[in-house]
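Undergrad: Dumping the structure here so I can ask a few things about it.
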Amino acid sequence: VKHAFLTSVEFGMWAPPQRMTISSWADAYRIISARKGNPEPGQWRTSRTPYLREIMDAIGDPDLEEIVVMKAAQVGGSEGCARNPLAYWVDQDPGPTLFVYPTQAAAEEQIVDRIRPMILDTPKLAAHLPGARADMTAHALDFDTMAVWIGWAGSPQALASRPCRYVVLDEVDKFPPFSGREGEPIALAKARTRTFGHRKKIVIISTPTTGMGAIAKAFEACPDKRRYHVPCPSCGALQALVWSQMKWSSVKDEPLEMTIARLEAEEAAIFYECADCHAQIPESERDLLVEQGIWVSDGYPAGEHPKSRFRAYHITGLVATIGTRWRDFAVKFLKIQKDIAKLMEFVNQDLGEPFLDQIGRVETSALRAKAQRGHARGKVPRWAGILLVTVDTQKDHFYWLVRAWGRGERSRLIDLGIARSWEELERVTFGARYALEGCENELVGPAAVFIDLGGGTRPTPTGTGRTRCTAGAPATRRGGSRSRGTAPRTGARRSS
Ligand SMILES: [Zn+2]
């Protein structure tokens with residue numbers, strides 16, 4: 001009786017259109033262009049990168065205002081979190097949109113190599129450019145539903161005061177240093193959305209640099225920080241994939257080069273060790289693991305989340321299912337042991353983690369053997385701005401090291417060793433003084449100590465430390481005692 005005057009078909013015509021999610025829209029309509037070396041051109045399939053599903057749908061969720069995505073390089077982040085939303089907004093939920101890239105060159109490369117091909121190859125999108133491919137000028141796209149401006153930090157598009165409902169800031173850690181002349185670019189872009197109230201949406205995406213970088217700060221500031229957890233095939237424990245649990249078989253006393261060669265030749269096994277039951281999960285199960293994963297908020301049990309309009313996601317390269325292998329990560333990691341710049345690149349690009357707070361732990365593992373043999377203390381170089389101590393907590397002792405840091409990530413190892421108790425640790429780190437190069441009677445001490453502690457557990461030498469990103473510790477080839485490396489015994493990874 002309700003629809004007495006309308007047939008169901010007619011009623012459907014008058015009902016509000018069913019709003020699709022961004023992931024379902026992409027699965028239905030989005031075409032990945034074959035033009036620019038895309039590994040998997042053709043119809044977009046969210047099932048190929050299942051970790052992107054929730055993020056895309058969060059971007060389309062009217063209850064959320066800001067989405068932060070701190071990601072590794074090869075995880076499809078910009079495709080899923082920037083271009084799919086753009087396509088969806090044009091077709092389903094339009095509003096004036098601003099994209100900001102780090103530089104003019106980056107913005108133009110995006111337009112020419114990514115955005116324009118996406119529009120031309122996705123019919124549903126091309127249909128919204130009414131007879132006007134010529135209108136696809138360099139920095140503005142005029143769809144029949146909405147306008148899109150594409151700028152870079154400091155560009156006229158980014159600085160114009162026109163209101164925008166959607167703002168996407170891509171690769172914010174590459175934004176030029178804030179000059180103070182025009183205002184901080186991220187804050188400026190965000191200010192554009194003011195008039196849209198609860199309908200606005202801000203998406204901030206980047207591969208991180210250091211803990212001081214824009215994306216790491218935005219991530220930390222978010223009340224809801226989510227990491228992708230996968231269930232162990234043996235015990236079912238949900239856990240975020242972390243580098244410290246990546247293991248490979250190595251023969252005792254084998255030179256590093258040999259391990260690398262055997263890994264490359266696929267003679268050495270590589271596996272992910274469950275943090276809970278220590279089952280060895282082979283790489284062949286990776287894609288299945290990732291398919292079964294869910295996003296878990298730091299500090300909350302699976303399925304529960306803080307209530308917030310701001311949400312952050314961290315995507316490690318270890319969940320990447322297209323074009324990467326765990327084995328290649330291990331080979332790369334072993335090859336760059338002594339090269340800090342390359343280690344930073346590995347932590348940023350491959351693990352999607354900020355660097356500085358990880359360095360001590362990555363290094364501690366590499367230098368462990370050296371510490372056991374004893375060594376001479378170093379002099380502090382004149383260019384050093386600060387001395388920092390990093391401590392790696394073991395079952396019944398600490399590995400510590402002191403490093404001098406200068407401008408531009410320049411650094412030098414000054415001292416390292418083992419402490420058996422808190423008192424000893426305090427004495428050898430905070431109590432230590434080192435001579436300045438060239439003026440031997442001028443002594444300097446460490447300014448800060450970073451200790452990797454268990455999530456919420458009391459930091460005692462006998463307690464279990466928790467590492468966020470350590471060197472993958474090789475396991476000895478069958479028999480003998482298996483090295484547990486620096487890996488602690490914890491379940492789900494939580495924020496510290
Ligand atoms: Zn397990």
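Undergrad: Return the residues of segment 185-233 that are within 16 Å of the ligand (Cβ to nearest atom) and open to solvent by 20 Å² or more (accessible area, probe 1.4 Å); say none if nothing qualifies. Please lay out each step first, then the result.
TA: Taking segment 185-233 first, the residues within 16 Å of the ligand (Cβ to nearest atom) are 229-233.
Pro231, Pro233, listed by residue number.
Undergrad: Could you please find all residues in segment 258-271 being within 16 Å of the ligand (Cβ to nearest atom) and open to solvent by 20 Å² or more (accessible area, probe 1.4 Å)?
TA: Just the residues of segment 258-271 that are within 16 Å of the ligand (Cβ to nearest atom), to begin with: 271.
None; the set is empty.
Undergrad: Further question: Are there any pairs with C-beta distances below 8 angstrom linking a residue in segment 88-100 that is within 16 Å of Ala26 (Cα to Cα) to a residue that is open to solvent by less than 10 Å² (accessible area, probe 1.4 Å) and part of a strand (DSSP E or B), with the two at least 6 apart or on different chains, and if so which?
TA: Trp89/Thr97; Trp89/Tyr166; Val90/Val148
Undergrad: Could you list, in sequence order, all residues of segment 210-227 that are modelled with pLDDT of 90 or more and either at positive phi or not in a strand (DSSP E or B) (or both)?
TA: Of all residues in segment 210-227, those modelled with pLDDT of 90 or more come to 214-227.
The answer is Ala214, Ile215, Ala216, Lys217, Ala218, Phe219, Glu220, Ala221, Cys222, Pro223, Asp224.
Undergrad: Scan segment 51-105 residue by residue and report those that are assigned to a helix (DSSP H, G or I), open to solvent by less than 10 Å² (accessible area, probe 1.4 Å) and hydrophobic (A, V, I, L, M, F, W, C).
TA: Result: Leu52, Ile55, Met56, Ala58, Ile59, Cys81, Ala82, Leu86, Ala87, Trp89, Val90.
Undergrad: Next question. Within segment 309-323, which residues are open to solvent by less than 40 Å² (accessible area, probe 1.4 Å) and either within 15 Å of the ligand (Cβ to nearest atom) or aromatic (Phe, Trp, Tyr) (or both)?
TA: The one that is open to solvent by less than 40 Å² (accessible area, probe 1.4 Å) and either within 15 Å of the ligand (Cβ to nearest atom) or aromatic (Phe, Trp, Tyr) (or both): Tyr313.
Undergrad: Does Ser47 fit the bill of being assigned to a helix (DSSP H, G or I), farther than 24 Å from Trp149 by Cβ and open to solvent by less than 20 Å² (accessible area, probe 1.4 Å)? Walk me through how you get there before you give the answer.
TA: Working: assigned to a helix (DSSP H, G or I): yes; farther than 24 Å from Trp149 by Cβ: yes; open to solvent by less than 20 Å² (accessible area, probe 1.4 Å): no.
When the stated conditions are applied, Ser47 does not pass them.
Undergrad: Somewhere in segment 239-248, is a residue open to solvent by less than 40 Å² (accessible area, probe 1.4 Å), more than 16 Å from the ligand (Cβ to nearest atom) and assigned to a strand (DSSP E or B)?
TA: yes
Undergrad: Let me ask something else about it. Identify all residues within segment 127-160 that are open to solvent by 20 Å² or more (accessible area, probe 1.4 Å) and at pLDDT 90 or above; write none if there are none.
TA: Hits for segment 127-160 are Ala127, His128, Asp144, Thr145, Ala147, Trp149, Trp152.
Undergrad: Also, quick follow-up: Which residues, taken from segment 272-283, are within 12 Å of the ligand (Cβ to nearest atom), closer than 15 Å to Ser249 by Cβ and under 23 Å from the mean Cα position of the chain (by Cα)?
TA: Tyr272, Glu273, Ile281 - these are the residues of segment 272-283 that are within 12 Å of the ligand (Cβ to nearest atom), closer than 15 Å to Ser249 by Cβ and under 23 Å from the mean Cα position of the chain (by Cα).
Undergrad: Return the residues of segment 284-308 that are within 16 Å of the ligand (Cβ to nearest atom) and of a type in the set (D, E, K, R); say none if nothing qualifies.
TA: Answer for segment 284-308, where residues must be within 16 Å of the ligand (Cβ to nearest atom) and of a type in the set (D, E, K, R): Glu285, Arg286.
The values are calculated or read from the model by the stated rules, or taken from the named source; none is laboratory data. Bear in mind that the values here come from a model prediction, so they are computed numbers and not experimental data. Cβ atoms come from the backbone with ideal geometry, glycine included; neighbour counts cover every protein chain shown. Side chains are part of the model used for accessible areas, which takes the heavy atoms of the whole protein and leaves out ligands, DNA and RNA. Shrake-Rupley method; radii C 1.70, N 1.55, O 1.52, S 1.80 Å.
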